[in-house]
Structures are given as C-alpha cells and as structure tokens.
Amino acid sequence: MPHTLKDVLPATARMRDDGHLEVGGADVIALAEQHDTPLYVLCEETLRRQCRRYVGAFPGARIYFAAKSFTAVHTLRVAVEEGLGVDVASGGELYTALTARVPVEAIVFHGNNKSDAELAMAVESGVGRVAVDSLDELERLSEIAASAAKVQAIVLRVTPGIEAHTHEYIQTGQEDSKFGLSIESGLAIEAAKRAADLPGVDLVGIHAHIGSQIFGPEAFMKLVEVMFEFLDAVRSATGVALPELNLGGGLGIAYTKEESPADIELHARLITEAVEREASKWGIPTPRLCVEPGRSLIANAMLTLYRVGVVKEIPGIRTYVSVDGGMSDNIRPMLYGARYSALVANKCDEHPTLVVTIAGSHCESGDILVKDVAVPESIRRGDVLALLATGAYGYTMASNYNKMRRPAIVAVRDGKSRVIVRRETFEDLVRLDEPG
Ligand code: LLP
C-alpha cells in the first residue's frame, strides 16, 4: 500500500500480511464478504480524532458538525460524544439530529428557503440558533416564535463578498449568491436593525460560509476582516456588540496523493489570532467563535468497497473495470468532476502498473468513478476495489437511480464492526409506491 496515500486513507489503515487492506483493525475483504458490496466503511477512530483536533485547536469555540456532509444517527452521536454540536440544513436533518439526541442548544439550523413548518419545528424543538438567511425569513420567524411565546436566538447569515477557490479568493458581487444577506447592498444591516425591533427573535451573532474544499488561509483572513467591519456597523446601528461569530466550514482534504490536507491546527491558530487582532482594533469584546466543518471531519474517515465485475479491454483505447455501484452511491465525480483515489483492497501488495478506468453499473456512459487510475496488472472479477475518502457528500447525495439500493454503512473500531445504516432492500425500493 503506497505510503503516499497516508493523508487520503483513514488513520488506522494498514496492509495485512496477506495483502489485504485493514481499517480500524478489520480486514476490509472480510467486511465485503460479510456485508456485501457496495459498502461504505467508516473508521470511527479517524472521525473521533478529527473531532478532537478541532476541539483542541479552537479552545472555547463551538464546533458544529455539518450534517449535510454525512448524516447518520450513529455518527451524529459520535460528534456529540466528542463535544461537537450539529449544523442542520433542513427539517429532515433536524429530525435526524433530534433522533440522535443531539442536545438542542447545540444545533444551528441553516437554509436559504426554510418553510414555515421548518421554522416552527426549529422553534418548538428549541434549537440553539437559527441562521436567518433573508428579511422574509426574519419576519416569519419572529411571528412564529412570538405566537408560540418563545424567543429564538438567531445569527444572521451574511454574504461577505468573498468566494474562495482553493489557494486564492476572488471578490464577487453579493447579489450573486442565493445564500445570506449581502453586506454591500445594505440588506444585512437592515436585517440587524429589524431584528433588534422584532419580538420573538434575539440576534446574538453573525455567520458566513465562503465555500468548501479550501486550502489557503487568505480567504478566511479576509473574511474575519469583513465580519468585524460588519460587527462594528451593527454596533453603531443598534448599540450592541454581538457576542458570536460563526465562520462556517470549508477546510480542504486530500482526495489524491497529489493533495495535502489543510492544516486544522494552523488554520485555527491563524483564525483565532485574526479574531483577537480585529477585536482589539475595533474595540469590540472578542466574540465566541463558531465553525462548521463537514468534509474535513468525515471525508477521510470513510471509504467505499465495490466488487469488481466485468473487465473490458478496448484495444488501443482503454480498459474499463466495472464495479457494482457508481453514480447512485457517489455522484461527485459526475457532478463536480471530483477526482478520487482507488486501490484493489485484496492486492495492496501488488504494484499498480495497469492504467484503467473504473466504471459504475448504471445505464449511463457518464457513470465513471475514476478515469485513468493505476491498479495491479492482475485485476479481475471478484476483486474488491476501495474508493478512498468518500465520507463527505457521498452517501448523503446518494440516489436510487436505476433502482439501485443504497449501500449499507459499517463502522469499524478496534477490530469490531457494526452496521450503522442498513442496505436498502428491494422492498424498500417500492415501499412508497401506491399502485392502486
Ligand atoms: N456550513 C454551511 C453553512 C455550509 O453550507 C457548508 C457546506 C458547511 C458548513 C460545511 O462545509 P465543509 O466543511 O464540508 O466544506 N456537495 C458539495 C459540497 C457542498 C457544501 C455545502 N455547504 C461537494 O460534494 O463537494
């Protein structure tokens, strides 16, 4: 197993003497046999380590696990056990968090188009924060909370005019985003003033999320500056220095050996220092920092196991290795052109010298998981292919296209494995049909 995949694989990954990949003390080939494929495997230790890194790196901050990256009841519980809160972005995610018994005060509710029913659900369940995304939502939430004789703590989601692209950032017109209240156009300050006058809502802070899979600190440094300028504007307009600053998620991870993950500790130090610097520059008490990582907590903690089926060589063109899943369990390669690493998990001791294309089983030519990846020359039907770093936005974006059953998810730790999400059955596939 190449050492160069260290940052891509779960922390506990190693090669066994028989050439099998081991994760969390479990032979993944045995897992594939026991639970069938496609199979998502979660290394609980890696997830817990990543949670602890965040908690340790941001002392005193609130870390919310962005549930959209991966939403299983078991995993939300792990996040809570490690001291994290949860960021939810729909009634369904909120329901799942409540099912996982996430303490309500540790939930922040996001969304650019929350329905009245979702707002009522948030208020009734007592979520810690609603991230208000528009003036329309602010008015509706105020009415819903006031008529329930409650006061809902809110943060305003603002669009700071920063769009992050890996190592650089570009300024964009805030009008260009469906999310948040634009600072530049004055909508954000209008919402802050309005919130101060409305019953049923208590404005406690501001929030921004500038993007995902970001590596360099520049965009975040700029964000802190913009947010403090706005905190000062709010103080001038309302007389209140808001006590909470939520900077969203977005740290990048390694999907391939060419990438290095963003350094969580360095990132945290730079952000914390920038917040303190800005606070003293503006004479504002240092607000409580919140962050909402998703991908950087869960992506590398998971991988997907597939069984190799047809191996088709088109002479002079390419070799297609078809596996028993694809775009229904991982849409990211097709949707974003996302690049993944793959290895033959029962042949980690063989050199990958044959360049192939890994195809899924769906009725669609675009159903390609990885183009041009090197695998051992001996690859054949029955081998187990592991697609790495599939934890974030893989299962949560899965579908039943071609009536494929969504895979099972198994958690491994200290050599023990446990199914945390069952594989869908054929019966599940028709359970909502009402044929009459
Ligand atoms: N907070 C908010 C308000 C967000 O919208 C997101 C992600 C996060 C936190 C977590 O960001 P992360 O740390 O995971 O980068 N489906 C896409 C990613 C969409 C991200 C949406 N928002 C993908 O597969 O790459």
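The values are calculated or read from the model by the stated rules, or taken from the named source; none is laboratory data. Keep in mind that this is a model prediction, so the values were computed, not measured. Positions of Cβ are backbone-derived with ideal geometry, glycine not excepted, and every protein chain shown enters the neighbour counts. Just so you know, the surface numbers come from the protein's heavy atoms only, side chains and all, with ligands and any DNA or RNA stripped out. Shrake-Rupley method; radii C 1.70, N 1.55, O 1.52, S 1.80 Å.
Would you please give the FRET efficiency between Arg381 and His74, computed as 1/(1 + (r/R0)^6) with r the Cβ-Cβ distance and R0 = 35 Å, to the nearest 0.05? In this case the efficiency is close to 0.60. Principal axis analysis of the Cα atoms in the stretch 110-293 yields extents of 54, 37, 28 Å, listed in decreasing size.
Dipole check for the chain: with +1 at the C-beta of Lys and Arg, -1 at the C-beta of Asp and Glu, and the Cα centre as origin, the magnitude is about 760 Debye. Of interest is the spacing of the C-alpha centroids, which for the stretch 131-153 and the stretch 33-62 amounts to 34 Å.
Membrane-span-like helices in the chain, defined purely by DSSP H runs whose alpha carbon atoms cover 24 Å or more axially and whose average Kyte-Doolittle hydropathy reaches -1.0, are 218-238, 264-282. Put a dot 7 Å past the Cα of Lys257, heading toward its Cβ, do the same for Asp116, and the two dots end up 5.9 nm apart. Annotation: Phe228 carries an accessible surface of approximately 0 Å², with a 1.4 Å probe and no ligand, DNA or RNA atoms counted. Note on Glu273: accessible area is roughly 80 Å² with a 1.4 Å probe, heavy atoms of protein only. Surface exposure of the stretch 110-293, expressed per residue as accessible area with a 1.4 Å probe, stands at 42 Å². Amide H contacts of Val421: Ile409, each under 5 Å away and 5 or more positions distant or on a separate chain (H built 1.01 Å from N in the peptide plane; Pro and chain starts excluded). Helices in the chain, meaning DSSP H runs of at least 4 residues, each add -39500 (n - 2.57). Divided by all residues, the mean residue ellipticity at 222 nm is -8500 deg cm²/dmol.
Computed from the Cβ-Cβ distance with R0 of 51 Å, the FRET efficiency linking Glu313 to Thr286 stands at 0.25. The length gained by stretching the chain between Glu276 and Lys416 to full extension, at 0.36 nm per residue less their Cα-Cα distance, is 46.0 nm. Dimensions of the chain along the principal axes, based on C-alpha atoms and rounded to the nearest Å, stand at 71, 57, 42, largest first. When Rg and the Kirkwood Rh are both derived from Cα coordinates, the Rg/Rh ratio for the stretch 291-369 amounts to 1.00.
Were the residues from Ala374 through Lys178 laid out at 0.36 nm apart, the gain over their Cα-Cα distance would be 66.5 nm.
Bridges between two residues of the stretch 110-293, per DSSP, are antiparallel at a rate of about 20%.
Kirkwood hydrodynamic radius of the stretch 213-316 from all distinct Cα pairs, in Å? Result for the stretch 213-316, one decimal place: 16.5 Å.
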